Amino acid sequence: MEETAGKKKKPRGKARLMAGKCIACGARCQMSCPADAIEMNERGEPIISPEKCIGCRKCVKVCPAAALEMHLTPEEEKLLAGMQAEAAEDGEEAAPEEAGAKTGIAAWQGVWVFVEQNDGTAHPVSWELLGVGRTLADDLGADLSAFVLGSNVKGLAEEAFGYGADKVYLIDDPILNHYRTPSYLHGSISLINKYKPEIVLMGATGLGRDLAGAVATALRTGLTADCTGLTIDKKMRLLEQTRPAFGGNIMATILTETCRPQMASVRPHVMPKPQFQPGKRGELFIESFQLPEDKISTRILEIQPLLTEGSINIAGANVIVSGGRGLLQAENFKMLQDLADLLGGVVGASRSAIDAGWMPHARQIGQTGKTVRPKLYIACAISGAIQHLVGMQDSDLIIAVNRDREAPIFEVAHYGIIGDLFEVIPALTRRLREIAKDHRSPNDNSDKVSGDKS
Ligand code: FAD
């Protein structure tokens, strides 16, 4: 029995391996041990030296399979029971690890999606994340949950169930009426610390980027921003977070091995939106908001809507006609605008065209611009650099016009037209106008080709 300054020291126990549970993850326990107490056998399982183990629990915390536990000798167990009884008499609560709860990484379970909302309307990226979250949760054999913060937002819980959530955690409080980093941070981390999800996903919107960074910093965990792919390494129970790296020249897959939760953000339109299932129900957990207004450092004085360039929402457009360096000058984008108008679409651009000052930055598509997923994407004189492709390659139908038959854009295009855009685009526009004319009713003066007719 150890005593320090007249006070009994709590026995820490020794780490030991539970039979049949090690998944040979690659010696994470050995790497975490500060006492050099772990060696690996030929099967990649740890052999722990009880003499060297100092009971620090680090190996238990990093084990992804919860295969290690702390073991007490009968004498130490008796001592601990006595200390717990004394503590209970003094009215102290037992720490969760003493009460037998799961500890370390294994205590974090389930996939959570943040439902971003404005005035009670959810941002569509929230539902797109529930779609990919469903696959991740199924692969982990875990629950998919949504968490909603706001004022008068209970209806969003119902919507979240419809988009696939098994559970919804809701904090509905007037203080959360408008987004402010401190209040949303407080609400988010109070929920995450209480329920311990192993994965938290947020939209890479302006709000989501702000909140995700703040939450990850407060929880001292990793965050992979702007992921284009999310999968599960089933053996290790790890989230594989894929995103372009080194200027888009490689796709990197990033793991958060030793911290929880694993956090990732995904831009709107990168993941498909799941089908809404009317009437689907789940478990609703209503939590209260604990931070008083006078403890929040930010006040909202006025809200001014941000007008986008020409009020065009390029990321939400169904048809995009996009131009690149081959357009040669700003005036030539008029040709693309004519085609876009006929198809009920909008005009986008590659970064080269933006950098040349031919189109405003809000129209840029790609890694440092918008990610789009329209029904139809017409790429005109765009070579198809990877930084452009990551922003549009998931479009339903891609048509590329380029005079270089080797241009990489043809690798993602469903239809390719090899030719000079100054001939192809006017010819296409002319033909569509003829079709529109043929299908127009006598009272219809519009030029537009409807979705059904085109
Ligand atoms: P080019 O590559 O010069 O291609 C022009 C194409 O037009 C050629 O294929 C040519 O054959 C064709 N062409 C020329 N004249 C005609 C004609 N008359 N008729 C038919 N075809 C013709 N790029 C983006 O687009 N979006 C981004 O978000 C983005 N982010 C980036 C981030 C980083 C960190 C970096 C390093 C780069 C980024 N880029 C981005 C730039 C990207 O690497 C390319 O340089 C850019 O996409 C090229 O634009 P482009 O295809 O218009 O021009």
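Rundown of residues vs (1) of a type in the set (Phe, Trp, Tyr); (2) open to solvent by 30 Å² or more (accessible area, probe 1.4 Å); (3) in contact with a helix residue (DSSP H, G or I) (Cβ under 7 Å, 6 or more places away or on another chain), yes/no style:
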residue: LYS10; (1), (2), (3): no, yes, yes
residue: GLY20; (1), (2), (3): no, yes, no
residue: ALA24; (1), (2), (3): no, yes, no
residue: ILE47; (1), (2), (3): no, yes, no
residue: PRO50; (1), (2), (3): no, yes, no
residue: CYS53; (1), (2), (3): no, no, no
residue: CYS56; (1), (2), (3): no, yes, no
residue: MET83; (1), (2), (3): no, yes, no
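So, PHE285, is that one among the aromatic types (Phe, Trp, Tyr), within 23 Å of PHE161 (Cα to Cα) and open to solvent by 20 Å² or more (accessible area, probe 1.4 Å) or not? Spelling it out, PHE285 is indeed among the aromatic types (Phe, Trp, Tyr), within 23 Å of PHE161 (Cα to Cα) and open to solvent by 20 Å² or more (accessible area, probe 1.4 Å). Residues that are in a loop (DSSP other than H, G, I, E, B) and within 6 Å of the ligand (Cβ to nearest atom) within the stretch 377-390 comprise ALA381, ILE382, SER383, ALA385, listed in sequence order. Among the numbered conditions (1) more than 10 Å from the ligand (Cβ to nearest atom); (2) part of a strand (DSSP E or B), tell me where PRO374 comes up short. Of the numbered conditions (1) more than 10 Å from the ligand (Cβ to nearest atom); (2) part of a strand (DSSP E or B), the odd one out for PRO374 is (2). When you scan the stretch 326-348, do you find a residue that is part of a loop (DSSP other than H, G, I, E, B) and within 27 Å of ALA204 (Cβ to Cβ), even just one? Yes: the stretch 326-348 contains one or more residues that are part of a loop (DSSP other than H, G, I, E, B) and within 27 Å of ALA204 (Cβ to Cβ). Reported count of residues in the stretch 369-384, each being at pLDDT 95 or above and open to solvent by less than 60 Å² (accessible area, probe 1.4 Å), is 8.
Looking only at residues of the stretch 328-347 that are open to solvent by 40 Å² or more (accessible area, probe 1.4 Å) and more than 15 Å from the ligand (Cβ to nearest atom), we find that the one that is farthest from LEU376 (Cα to Cα) is LYS334. Only a single criterion out of (1) within 18 Å of GLY104 (Cα to Cα); (2) outside any strand (DSSP E or B) is not satisfied by MET70, namely (2). When every residue of the stretch 310-331 is checked against the conditions, at least one turns out to be at pLDDT 95 or above and touching a His at 6+ places or on another chain (Cβ under 9 Å). Only one of the numbered conditions (1) without any contact (Cβ under 8 Å) to a residue 24 or more places away in the chain; (2) open to solvent by 40 Å² or more (accessible area, probe 1.4 Å); (3) not hydrophobic (A, V, I, L, M, F, W, C); (4) not in a helix (DSSP H, G or I) is not met by GLN277, and that is (1). Output the residues belonging to the stretch 120-143 that are assigned to a loop (DSSP other than H, G, I, E, B) and touching a residue at least 24 places away in the same chain (Cβ under 8 Å). Answer for the stretch 120-143, where residues must be assigned to a loop (DSSP other than H, G, I, E, B) and touching a residue at least 24 places away in the same chain (Cβ under 8 Å): GLY120, HIS123, ALA142, ASP143.
Can you work out which of the residues in the stretch 407-433 that are open to solvent by 90 Å² or more (accessible area, probe 1.4 Å) and more than 17 Å from TYR377 (Cα to Cα) is farthest from the ligand (Cβ to nearest atom)? For the stretch 407-433, the residue satisfying everything is ARG433.
Taking the criterion of being buried (at least 22 other Cβ atoms within 10 Å of the Cβ) and within 12 Å of the ligand (Cβ to nearest atom), the residues of the stretch 391-406 that qualify are GLY391, MET392, ALA400, VAL401, ASN402. Only one of these is at pLDDT 90 or above and out of contact with any helix residue (DSSP H, G or I) (no Cβ under 9 Å at 6 or more places or on another chain): GLU3, GLU76, GLU42. Name it. Only one candidate passes the filter, namely GLU42. Restricting the stretch 348-368 to residues that are buried (at least 23 other Cβ atoms within 10 Å of the Cβ) and of a type in the set (Gly, Ala, Ser), the residue that is farthest from the ligand (Cβ to nearest atom) is GLY348. Counting only helices (runs of 4 or more DSSP H) that sit wholly inside the stretch 144-261, those with at least 2 residues that are in contact (Cβ under 8 Å) with a residue 60 or more places away in the chain and open to solvent by 10 Å² or more (accessible area, probe 1.4 Å) are 181-195.
The values are calculated or read from the model by the stated rules, or taken from the named source; none is laboratory data. In this text, all values refer to a predicted model and were calculated from it rather than measured experimentally. Please note: Cβ atoms are built from the backbone with ideal geometry, for glycine as well, and neighbour counts cover all protein chains shown. Ligands, DNA and RNA are excluded from the accessible area calculation, which covers all protein heavy atoms including side chains. Shrake-Rupley method; radii C 1.70, N 1.55, O 1.52, S 1.80 Å.
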